[in-house]
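So the structure is just underneath, and the comments pick up after that.
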Amino acid sequence: MSVLLNRRTVVTGLILFAVLFPFVTRNDYVIHIMTLSFIWMIGVYGLNLLAGYTGYLSLAHAGFFAVGAYSLGLLTVEAGVNFWLALILACLFTGILGFLIGMIALRTREHFFAIYTLCVGYIIYLVIYKWDGLTGGVRGLIGIPAPSNIGPISFTSSISQYFLVLFFLLLTIFFIYRIVHSLTGRTFMAIRNSEDLALTLGISTMKNKLVSFVLSTIFAGLAGALYAGFVRFIGPDIGYITITFDLLIYLLIGGIGTMSGPIVGTLLIVWLSQYLQFLQDYRMLVFGPLLAFLIIFYPWGIVGIFQQWKQKRQARKARSIHQEENRKDEVELDAGVSADQEQVREG
Amino acid sequence: MFLQTKGLTKQFGGLVAVNKVDFTVEKGKINAIIGPNGAGKTTFFNLISGFHPPSAGQVIFKGRDITHLPPDQIARLGIARTFQTTHLFEQSTVLDNVIVGHRLRTSSTLWDAIFRTARHQREEKQCRDKALDVLDFVGLTDAADRLVAGLTQEAKKRAAFALALATDPEVVFLDEPAAGVNPDETDGLAELIRKMVERGVTVCLIEHKMQMIMNLADKIMVLNFGEKIAEGTPHEIMNNEDVIRAYLGGNAIA
Amino acid sequence: MEVLGQQLFNGLTIGSIYSLVALGLTLVYGILHIPNFAHGALYMMGGYITFTMMTVVGVHYWLAIFVSVVVVGLLGVLMERIVFHPLRDAPPIHDKIAAIGVLLFLEALAQWIWGADYQSLPTPYGQVVNLFGLTVTLQRVLIVVAAVLAMILLNLFLKKTFTGASIIAMSQNREGAHLVGINTNKVAMLTFMISGGLAAIAASLSAPINLVFPGMGHLVILKAFVIIILGGMGSIPGAILGGYILGFSESLGATYLSNDYKDIIAFVLLVIILTVKPTGLFARGGH
Ligand SMILES: Nc1ncnc2c1ncn2[C@@H]1O[C@H](COP(=O)(O)OP(=O)(O)OP(=O)(O)O)[C@@H](O)[C@H]1O
Ligand SMILES: [Mg+2]
């Protein structure tokens, strides 16, 4: 039981920290960067559900991010729709697009899926870039309004925006946690581990993959919409492949297919980038090899390293005392986490 | 008629992997399929379980034509199978592997998952209980919380059986259940297969281990180059000229 | 008629470049069964090295290309050794992501060394010639001739030499090749070398009519993927044919449909192919 309590303490501690953070730093710039990383995290969680838990590596997520951002931007700027309604519509629209694309994309597997989504992402980017009349093309879209007031609460200050994004991040994590630790999550992981086996177990793989894909795009769209409302200016670049790569780097470095990986990876890389600002455009000189290195030696990222260490320690402890009890705790704690690490080994 | 194939045929390009096979799986019996490597045995299973669309012929299950159903629907009708290689998830526990096996008998949706509805709680427990039950049946209760990666080949085979049984099947197709397992353990697996039939599950298996098959099977079909060359009781098969000829140069019947 | 002829010739030029890039990609796929997302970075490095050899070192165009082929070929080998070899048994997502890591690194490296600006590669073959009634630059003629020559040489190498034959053997059956005593490690390295070399040739040939910049590989590599799916992953004739088909479709599409959206043609083509046939054209086997 102590381990379970431990986890609850950690989660509570983290939320408390996140809530107190802006009051502690009081530095607008730091709060700004933190808010941005929360937005990325939402997108990374979406990607994690699909790539990490369902085993489908999508390279189109910057595209869906951009679709969410542009939907919100166009609805508020061009159509004058209320921010909150626009936010819902943006998620809805991204989800519908995800559904249509997923129906076709998910018929392909592995390499084909990666290449297919790479191309879908590129098409989305090109359409945004070239469709001047609608999106403003290279000039981008300016003057996106900040989230409108809810009763007495306004979202103009950086702190209030921080909390708004934090709220959506916690909501996202809550959803993903519930999904992963449910029969639906088990179904996704079964597909990831062996689609053929999942089929023989009577799992409708197409339906489940589609659910995962659509959810994943909705989270990407939500992140995009929040981004648009936060930064207030968007250009076609947010749909470019480099953004997909960024999301992937956050996910991989943190730990793909783990619950806490997206937080760890995003925070680490975003803040490391801040300290490596002098590198500017050359930060990939560091992150590129770091990514490759990590993949080769620690395929489950930093969280994976930590889990391995923990498992080893627990195994050692279990051997010495109270074998039974310890194991029970471990299972309870890691019901999803041990499942977290299942990856298809055969090709 | 329980499960029947009529003129089942599969062509891969120019190669006829399964050629006009008529076969009946008898309910409550142990049905076996033998044949040299590459004879088309696995392909025959793939056709029945819906993994490959047949080039010609039919599969009839309890009077219903299931030839063109997708694999997941066939599984839901009560037809389970194991693979030649177990396909288990090495990095997770035996229990976690088996729990999802009962998923097809549940109906929880995303909604239930997110809001932890009563149905979800009930069905999650149902899956877990089913998993524990089948693990007990195959004799893996003690290994339930161990990682699959740390199991012996024999235990993995048992886990694969458990997974198939978790789907509540009426018939299971076992593809080489005793491959890579030592003789003592083979006897144990044979015992388990008998126990499955006693539990009311019909068995159809592919196996290269002749001694095991001859002791176990009620009925044997022999495939060679995709064609059925013989069918009958173990005794009949052992004395069949065609079968002996097909196996000459290969592994002779022990 | 004049316009059509011009566009067809353009298609031939672009198609030649595409074919060379797709060839390298398909060779690697055939041998290692990985889609090398970093292939575009090899292409880009090829362009830059030729550029540097000509403008900084001051050697002749052809010598510059030769150096570029060697350097990028070695870069390919290095990539195989450091990244793909250790990952050969890893889960299927991982090699792709590692390739992306390499891609990002090489692009940042290029930007660091050469800057983000677009550079134009001087060519000694800028003059205009008259070819069957069409006025074209000599460079474009050269692209077609050199590309075809490279393909013929590659074909001879694969068909007529023992090493080449072992590449073919390994792409058809890896375990089998290992069993008959082919050194699969060596073959994999060699394949990456050829693949890199082809990318370098393609980039060096196209650089004078396009430009050299860190992101120059992006579109090309995406299109090369489309091509090898079109032509069958791992198929050599398929890559060549697919390259030319795409080249022609694009140049005709640019004239008769829309110049703005010509880059989309490839992707729409891919979306259609995979919609109709999810395992690609000419897929082998199933489960
Ligand atoms: N998906 C496929 N595509 C093409 N050919 C296939 C495919 N699956 C099987 N084959 C071929 O069909 C033939 C029969 O194969 P199958 O796997 O059914 O044999 P088997 O009897 O199960 O052999 P073993 O005892 O070795 O398992 C073989 O020649 C095989 O190469
Ligand atoms: Mg077989």
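The values are calculated or read from the model by the stated rules, or taken from the named source; none is laboratory data. Please read all numbers here as calculations on a predicted model, not as lab measurements. Here the Cβ positions follow ideal geometry from the backbone for every residue, glycine too, while neighbour counts run over all protein chains shown. Side chains are part of the model used for accessible areas, which takes the heavy atoms of the whole protein and leaves out ligands, DNA and RNA. Shrake-Rupley method; radii C 1.70, N 1.55, O 1.52, S 1.80 Å.
When segment A:138-166 is examined, which residues are found to be open to solvent by 80 Å² or more (accessible area, probe 1.4 Å) and in a loop (DSSP other than H, G, I, E, B)? Scanning segment A:138-166 gives A:Asn149, A:Pro152, A:Thr156.
For segment B:131-142, name all the residues that are open to solvent by less than 70 Å² (accessible area, probe 1.4 Å) and either touching a Ser or Thr at 6+ places or on another chain (Cβ under 9 Å) or not in a helix (DSSP H, G or I) (or both). Across segment B:131-142, the qualifying residues are B:Leu135, B:Gly139, B:Leu140. Put simply, of A:Tyr275, A:Tyr227 the only residue that is touching a residue at least 24 places away in the same chain (Cβ under 8 Å) and either touching a strand residue (DSSP E or B) at 6+ places or on another chain (Cβ under 7 Å) or in the same structural domain as A:Ile33 (by TED's automatic domain parsing) (or both) is A:Tyr227. Residues that are on the phi > 0 side of the Ramachandran plot and at pLDDT 95 or above within segment A:37-73 are absent altogether. For beta carbons closer than 7 Å, sequence separation of 6+ or different chains, a first residue in segment C:88-111 that is more than 7 Å from chain A (Cβ to nearest Cβ) and more than 17 Å from C:Met216 (Cβ to Cβ) and a second that is of a type in the set (Phe, Trp, Tyr) and outside any helix (DSSP H, G or I), the qualifying pairs are C:Ala99/C:Phe37. Can you find, within segment B:173-215, the residue that is farthest from B:Thr106 (Cα to Cα) among those that are within 16 Å of ligand 2 (Cβ to nearest atom) and in a strand (DSSP E or B)? Among those residues, the one meeting the criterion is B:Ile206.
Checking each residue in segment A:67-117 for being farther than 18 Å from A:Ala146 by Cβ, surrounded by fewer than 23 Cβ atoms within 10 Å (Cβ to Cβ) and among the β-branched types (Val, Ile, Thr) picks out A:Ile96, A:Ile104, A:Thr108. Given the condition under 14 Å from the mean Cα position of the chain (by Cα) and within 12 Å of another protein chain (Cβ to nearest Cβ), answer yes or no: does some residue in segment C:268-280 qualify? No, there is no match, as no residue in segment C:268-280 is under 14 Å from the mean Cα position of the chain (by Cα) and within 12 Å of another protein chain (Cβ to nearest Cβ).
Within the set B:Gln84, B:Gln11, the sole residue that is assigned to a strand (DSSP E or B) and either in the same structural domain as B:Asp242 (by TED's automatic domain parsing) or among the polar types (S, T, N, Q) (or both) turns out to be B:Gln11. Do we find a residue being more than 10 Å from chain A (Cβ to nearest Cβ) and closer than 28 Å to A:Ile249 by Cβ anywhere in segment C:48-58? Yes, segment C:48-58 contains a residue that is more than 10 Å from chain A (Cβ to nearest Cβ) and closer than 28 Å to A:Ile249 by Cβ. Being more than 24 Å from C:Ser249 (Cβ to Cβ) and of a type in the set (Ser, Thr, Tyr) is the requirement here; does C:Thr26 meet it? Here the answer is no, as C:Thr26 does not meet what is asked. Against the test of being away from chain A (no Cβ under 14 Å) and in contact (Cβ under 8 Å) with a residue 40 or more places away in the chain, the options C:Ala239, C:Ala169, C:Ala224 yield a single qualifying residue, C:Ala239. Scanning segment B:82-117 for residues that are free of Cβ contacts under 8 Å to residues at least 24 places away in the same chain and buried (at least 24 other Cβ atoms within 10 Å of the Cβ) yields a count of 1. Given the criteria under 30 Å from B:Asp145 (Cα atoms) and within 16 Å of ligand 2 (Cβ to nearest atom), does B:Arg76 qualify? When the stated conditions are applied, B:Arg76 does not pass them. The set of residues in segment B:38-58 being open to solvent by less than 40 Å² (accessible area, probe 1.4 Å) and either within 16 Å of ligand 2 (Cβ to nearest atom) or at pLDDT 95 or above (or both) consists of B:Ala39, B:Gly40, B:Lys41, B:Thr43, B:Phe44, B:Phe45, B:Asn46, B:Leu47, B:Ile48, B:Ser49, B:Phe51, B:His52.
Output the residue which, of all residues in segment C:172-221 that are closer than 23 Å to C:Ala266 by Cα and of a type in the set (Ser, Thr, Tyr), is nearest to the other protein chains (Cβ to nearest Cβ). Out of the qualifying residues, it is C:Ser195. Can you list residue pairs whose Cβ atoms sit under 7 Å apart, with the first residue in segment B:29-53 being away from chain C (no Cβ under 14 Å) and the second being among the hydroxyl-bearing types (Ser, Thr, Tyr) and more than 9 Å from ligand 1 (Cβ to nearest atom)? Count only pairs 6 or more apart in sequence or on different chains. Pairs that qualify, where the first residue is away from chain C (no Cβ under 14 Å) and the partner is among the hydroxyl-bearing types (Ser, Thr, Tyr) and more than 9 Å from ligand 1 (Cβ to nearest atom), are B:Lys29/B:Thr202; B:Pro36/B:Tyr247.
Does B:Ile74 qualify as being crowded, with 19+ Cβ neighbours inside 10 Å, over 18 Å from the mean Cα position of the chain (by Cα) and facing chain A (nearest Cβ under 10 Å)? No; evaluated as a whole, the condition is false for this residue. Output yes when any residue across segment C:176-183 is open to solvent by less than 20 Å² (accessible area, probe 1.4 Å) and in contact with a strand residue (DSSP E or B) (Cβ under 8 Å, 6 or more places away or on another chain), and no when none is. No, there is no match, as no residue in segment C:176-183 is open to solvent by less than 20 Å² (accessible area, probe 1.4 Å) and in contact with a strand residue (DSSP E or B) (Cβ under 8 Å, 6 or more places away or on another chain).
Taken over segment A:124-135, the criterion of being touching a helix residue (DSSP H, G or I) at 6+ places or on another chain (Cβ under 9 Å) and surrounded by fewer than 21 Cβ atoms within 10 Å (Cβ to Cβ) is satisfied by A:Leu126, A:Val127, A:Tyr129, A:Lys130, A:Trp131, A:Asp132, A:Leu134. With the structure loaded, tell me whether B:Thr167 is within 14 Å of chain A (Cβ to nearest Cβ), away from ligand 1 (no atom under 16 Å from the Cβ), in contact with a Gly (Cβ under 8 Å, 6 or more places away or on another chain) and open to solvent by less than 30 Å² (accessible area, probe 1.4 Å) or whether it fails that test. Taking the combined requirement at face value, the residue satisfies it.
Yes/no per residue for (1) open to solvent by less than 20 Å² (accessible area, probe 1.4 Å); (2) within 14 Å of chain C (Cβ to nearest Cβ); (3) in a loop (DSSP other than H, G, I, E, B); (4) modelled with pLDDT of 85 or more:
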{"residue": "A:Val303", "(1), (2), (3), (4)": "yes, no, no, yes"}
{"residue": "A:Gln311", "(1), (2), (3), (4)": "no, no, no, no"}
{"residue": "A:Arg316", "(1), (2), (3), (4)": "no, no, no, no"}
{"residue": "A:Lys328", "(1), (2), (3), (4)": "no, no, no, no"}
{"residue": "A:Glu346", "(1), (2), (3), (4)": "no, yes, yes, no"}
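Screening the candidates C:Pro237, C:Pro208 for the property of being surrounded by 16 or more Cβ atoms within 10 Å (Cβ to Cβ) and at negative phi yields one hit, C:Pro208. Picking from residues in segment B:14-27 that are assigned to a loop (DSSP other than H, G, I, E, B) and away from chain C (no Cβ under 14 Å), the one that is farthest from ligand 2 (Cβ to nearest atom) is B:Lys27. Residues that are at pLDDT 85 or above, of a type outside the set (S, T, N, Q) and open to solvent by less than 20 Å² (accessible area, probe 1.4 Å) within segment A:259-291 comprise A:Gly261, A:Pro262, A:Gly265, A:Ile269, A:Val270, listed in sequence order. Filtering segment A:186-204 to residues that are assigned to a helix (DSSP H, G or I), at the interface with chain B (Cβ under 7 Å from one of its Cβ atoms) and buried (at least 21 other Cβ atoms within 10 Å of the Cβ) leaves A:Arg186, A:Thr187, A:Ala190, A:Asn193, A:Leu197, A:Leu199, A:Thr200. Determine whether B:Lys62 is away from ligand 2 (no atom under 16 Å from the Cβ), open to solvent by 20 Å² or more (accessible area, probe 1.4 Å) and under 22 Å from B:Arg105 (Cβ atoms). So B:Lys62 fits the description; yes.
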